[in-house]
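Novice: Let me give you the structure first, and then I'll get to my questions.
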Amino acid sequence: MANQIKAVRGTRDLLPPDTETWNFIESTVRDVFRFYNFQEIRTPILEDLSLFQRSVGEETDIVSKEMFAWEDRARAQSEKGQWLALRPENTAGVVRAYIEHKMWERPGLQRFYYIGPQFRRERPQKGRYRQFYQIGAEVIGSSIAGSESPAVDAEILEMLAKLLDRLGIHGWKLKLNSVGCSEDRPIYLQALRDALKDVAPTMCIDCQRRAETNPLRVLDCKVPEDQPIIEKLPKLDDYLNESCRTHFAEVQKILNAVGVPYEIDNRLVRGLDYYTRTAFEFTHGALGAQNAILGGGRYDGLSESLGGPAAPGIGFAIGEDRLVMTLQESAGVKAQPADVYIAPLGAGMNVHAAKLARELRSHGVVVIAGDESFKLKKSLETASKLGVRFALILGENEVNSNQFALKNLNTGEQASVGKSEIPNIVKQTKSSS
Ligand code: HAM
């Protein structure tokens, strides 16, 4: 036998019945997004590498270690190829599209959502893949349209709480922080760099590197030995200026008013460089080490850093793979079996089975059509194995009389019924099961 080819490391096939859970999640989120007036945007999976270098940040783990990027073939020998990347996240692509299509010329705030694959070359483990799926949303617009308002932050968080509740996910935790803005952050970073000068050499290898390249990420370190050192470092919230402080207080005030519970986590800094002010994560205990179901925050300077106009924004991305895991570990979504298995008996009956199946499907019945070469026993066994609730026996007599033997495979009861009665019988037993 020839060598078997397997899915690439860190990627996986999503198979039925698991895809039922994926579809359930996607239809629920589309429904919730509609009520908050979000509209779908689809951007390419393939982008110019520099898009991520300039937005997510060259010194972040995502860009410096985890990108799938390559130099594309040059058009002529004298030319250099363009550097392409598989998107590791979707916010940069959405803001690029916002700028490219001059979407600030549209009225009001732009409210987008997306569902799609992202790629990061991470070490695969439970809840961490190299191709994973995000469900995200972004609100972008000019300050005049109100994009900087803390009400937008609070509304997004309230929507997420609603969404998780609608999906039946309980026991989540919302961690909230303000990471400051372009005015107060540089002052904090300087204070952090100064403090790290003496202590960084005694910290873990990652912190030693981050102290040089991306000191804010030191706050994210989970190594137990480093914790007492981090506790003594300057605190971000001591450096927030008055307007960031007021903004953050207002977000909390609205969350309290609408009853969304949260915890302030002063060390939450997130792994992407574009964040300003509000940053957040929702975690869930069912997930183990990779416990963040979703993350997000404000990015008030991102549009300008990508060559666009001032267009403050805020958004989030849910790790759909992790959401599926959380759901399956709690209630789970049951795959729905077909309603009716048609068992055609004998030569020439496939034609009648096809006609009947077509008619029943047009009345909302989920049908599997069997094959005339099967003996009745084999048809009934096949239907039972597939979990189908009814078998419909179709022979010469049934075609002539227009009366069919409908066998309930759960109870064993069999009745002779007219064609027009079948959809109702099926629907009645569906709603009572
Ligand atoms: P992020 O925190 O990098 O943020 O990713 C968001 C979520 O994607 C994570 O909380 C996690 O659930 C999921 N995720 C990330 N990496 C993996 C992986 N390797 N395998 C499985 N799931 C993963 C962003 O991507 C930002 N773009 C979010 C955002 C939107 N901020 C503002 N707007």
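Novice: Write out, first by first residue and then by second, each pair whose Cβ atoms fall under 6 Å of each other, whose residues are 6+ apart or on separate chains, and whose first residue, in region 60-84, is within 17 Å of Y129 (Cα to Cα) while the second is open to solvent by less than 100 Å² (accessible area, probe 1.4 Å) and among the charged types (D, E, K, R).
Specialist: So the pair list comes out as E66/R120; E66/E122.
Novice: Let me ask something else about it. Take V152 and tell me if it is touching a residue at least 24 places away in the same chain (Cβ under 8 Å) and either within 16 Å of the ligand (Cβ to nearest atom) or over 26 Å from D237 (Cα atoms) (or both).
Specialist: Spelling it out, V152 is indeed touching a residue at least 24 places away in the same chain (Cβ under 8 Å) and either within 16 Å of the ligand (Cβ to nearest atom) or over 26 Å from D237 (Cα atoms) (or both).
Novice: Test R54 against the criterion of being under 21 Å from G297 (Cα atoms), surrounded by 13 or more Cβ atoms within 10 Å (Cβ to Cβ) and of a type in the set (K, R), and give yes or no.
Specialist: yes
Novice: Quickly run through region 390-423 and pick out the residues that are under 20 Å from R358 (Cβ atoms), in contact with a Lys or Arg (Cβ under 9 Å, 6 or more places away or on another chain) and of a type outside the set (A, V, I, L, M, F, W, C).
Specialist: N402, Q403
Novice: Mind listing whichever residues of region 377-389 are more than 36 Å from the chain's Cα centre (by Cα), within 18 Å of A357 (Cβ to Cβ) and of a type outside the set (S, T, Y)?
Specialist: Hit for region 377-389 is L380, nothing else.
Novice: A follow-up question, please. Do we find that E47 is surrounded by 14 or more Cβ atoms within 10 Å (Cβ to Cβ), of a type in the set (D, E) and in contact with a Leu (Cβ under 9 Å, 6 or more places away or on another chain) in this structure?
Specialist: When the stated conditions are applied, E47 passes them.
Novice: Quick test for you: out of R123, R130, pick the one residue that is without any contact (Cβ under 8 Å) to a residue 12 or more places away in the chain and either farther than 21 Å from F38 by Cβ or within 12 Å of the ligand (Cβ to nearest atom) (or both).
Specialist: Values: R130 fails: without any contact (Cβ under 8 Å) to a residue 12 or more places away in the chain.
Matching residue, one of R123, R130: R123.
Residue by residue, here is whether (1) within 18 Å of the chain's Cα centre (by Cα); (2) in a loop (DSSP other than H, G, I, E, B); (3) within 8 Å of the ligand (Cβ to nearest atom) holds:
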{"residue": "A286", "(1), (2), (3)": "yes, no, no"}
{"residue": "G297", "(1), (2), (3)": "yes, no, yes"}
{"residue": "D300", "(1), (2), (3)": "no, yes, no"}
{"residue": "E304", "(1), (2), (3)": "no, no, no"}
{"residue": "A310", "(1), (2), (3)": "no, yes, no"}
{"residue": "G315", "(1), (2), (3)": "yes, no, yes"}
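Novice: For region 317-348, give me the residue count where each residue is aliphatic (A, V, I, L, M), farther than 30 Å from L272 by Cα and open to solvent by 10 Å² or more (accessible area, probe 1.4 Å). Spell out how you get there, then give the answer.
Specialist: First, the residues of region 317-348 that are aliphatic (A, V, I, L, M): 317-318, 323-325, 327, 331, 333, 335, 338, 340, 342-343, 345, 347.
After this cut, where a residue has to be farther than 30 Å from L272 by Cα as well, the list is 331, 333, 335, 338, 340, 342-343, 345, 347.
Narrowing further to those that are open to solvent by 10 Å² or more (accessible area, probe 1.4 Å): 331, 333, 335, 338, 345, 347.
Result for region 317-348: 6.
Novice: Still on this model: Taking the options T91, T60, T43, name whichever one is modelled with pLDDT under 95 and within 14 Å of the ligand (Cβ to nearest atom).
Specialist: Values: T91 fails: modelled with pLDDT under 95; T43 fails: modelled with pLDDT under 95.
Only one candidate passes the filter, namely T60.
Novice: Another question about this same structure. For region 70-159, please list each of the strands (runs of 3 or more DSSP E) lying entirely inside it that holds at least 3 residues being buried (at least 18 other Cβ atoms within 10 Å of the Cβ) and aromatic (F, W, Y).
Specialist: Details: elements: 83-86, 110-119, 131-140.
Ranges flagged: 110-119.
The values are calculated or read from the model by the stated rules, or taken from the named source; none is laboratory data. Note that the structure is predicted; figures quoted are calculated from it, not measured. Don't worry about glycine lacking a Cβ; one is built from the backbone with ideal geometry, like all the others, and counts go over all protein chains shown. Protein only, heavy atoms only, side chains kept; ligands, DNA and RNA dropped before computing areas. Shrake-Rupley method; radii C 1.70, N 1.55, O 1.52, S 1.80 Å.
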